[in-house]
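Structure record follows, encoded as structure tokens.
Bear in mind that the values in this text are calculations on the coordinates, not laboratory data. If you're wondering where the values come from, they're calculated on a predicted model, not measured in any experiment. Every residue, glycine as well, gets a Cβ built from its backbone with ideal geometry; the counts of neighbours run over all protein chains shown.
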């Protein structure tokens, strides 16, 4: 009975606006949709748990929905992690072998990687991912897999994704209390990339910007490897808050107005259009020009992409993103946001549409579900890689060498 549901793979995305659980079935032909559940997120803000009991309730609701559809219990899951507490940095390390060339084995690779990761971190931070970018054998760089090759020195360049230990553990605890064991935690844009990026974009250089409710999470790929990760502290909730303040309307009403009438470019809205706006308290509703909504949303949209541009420029990567910028997440659905991104970034921009699972409902084939779909794809890829690697390798390191499309 313990192995009865081993063919199922579950992913959980605890976002600031919604919590989603997705169950996929592993078949001989690949992954197939089995079930999903979605609940309004409560108790979490900007990727951080602020009320544990409320967060547990949201997770339980999403899980129970998925279990009812799947007809099977959810006991284990892959968990997405994101938010302003996540940091990324590049590192470099190597090991010499003497004057005579030596065959590179797994232990030599491990030693080089350990050298690269041997940098001091604050006590409250942990490494989520250790992502090899390239190996260098003597003077030969650009090596993806040095196993079995000969060299007198092995070096490796890596990208490390770190997170606040307490913030990560609080999300894990919430899922545990909902009755689900967390098999592993994954930086959400890294997983999202598996659902929305094409192999040629990864090779040319591309930035994936996942516009969530609480923040925008970035990941940059160059020559197929992760070159940069970052978090911009602006998300869809900031657009909603701006409307709530600017229109003097409750947050819930501002969210509805944003989704129905929102546009990031005021001049694209016909001048005569008017919108009824509920007031706070017992005051009567008012009619306002729809253009006013755009005039409130546009500055925030420009601020978001100016911060994104400055982040990439400071990292020396903006001009290297030849494949452009790919937008994902629910906030990327705001009309006009692609035009704002294009005018600020001066790079090709597209909205992502996630790769669907077989038999998946069409309602899930939307940018706001790209992360949870990516988590399933990532988990399957890591599980496949784990199955063909030596048992001595940790699952976290194994999944890194299993490059998408490799």
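In terms of its C-alpha gyration tensor, the stretch 53-109 has an oblate overall shape, because the principal axis ratio a/c (a ≥ b ≥ c, square roots of the eigenvalues) is not below 1.5 and a/b does not outweigh b/c. Hey, for a label at residue 338 modelled as a point 7 Å past Cα toward Cβ, could you say which residues of the stretch 360-378 have their backbone N under 15 Å away? Of the residues in the stretch 360-378, 366-368 have backbone N under 15 Å from the label point off residue 338. The alpha-carbon atoms of the stretch 96-151, seen along their principal axes, cover 42, 21, 19 angstrom, with the largest extent given first. The alpha-carbon atoms of the stretch 236-298 define a convex hull whose volume equals 65 cubic angstrom per residue.
Multiply the residue gap between residue 138 and residue 95 by 0.36 nm, knock off their C-alpha separation, and tell me the result in nm, one decimal place. Gain on stretching residue 138 to residue 95: 14.4 nm. Mind pulling the angle between the C-alpha long axis of helix 236-247 and the longest principal axis of the chain? Nearest 10 degrees, somewhere in 0 to 90. That helix lies at roughly 20 degrees to the long axis. Classify the stretch 155-202 from the C-alpha gyration tensor, please: rounded if a/c falls under 1.5, else prolate or oblate depending on whether a/b exceeds b/c. It comes out oblate by the Cα gyration axes.
Length available on full extension from residue 110 to residue 287: 0.36 nm per residue minus the Cα-Cα distance, which gives 57.2 nm. With respect to the chain, whose longest principal axis is taken over its alpha-carbon atoms, helix 251-261 is tilted by about 90°. The spacing between the stretch 1-70 and the stretch 205-281, judged by their C-alpha centroids, is 25 Å. Once Rg and the Kirkwood radius are both taken over the C-alpha atoms of the stretch 148-299, their ratio Rg/Rh works out to 1.14. The long axis of helix 370-388 is offset from the longest Cα principal axis of the chain by roughly 10 degrees.
Is the shape of the stretch 1-121 best called rounded, prolate or oblate, per the rule: a/c under 1.5 gives rounded, else a/b larger than b/c gives prolate, else oblate, with a ≥ b ≥ c the square roots of the Cα gyration tensor eigenvalues? Oblate, since a/c reaches 1.5 and b/c is not below a/b.
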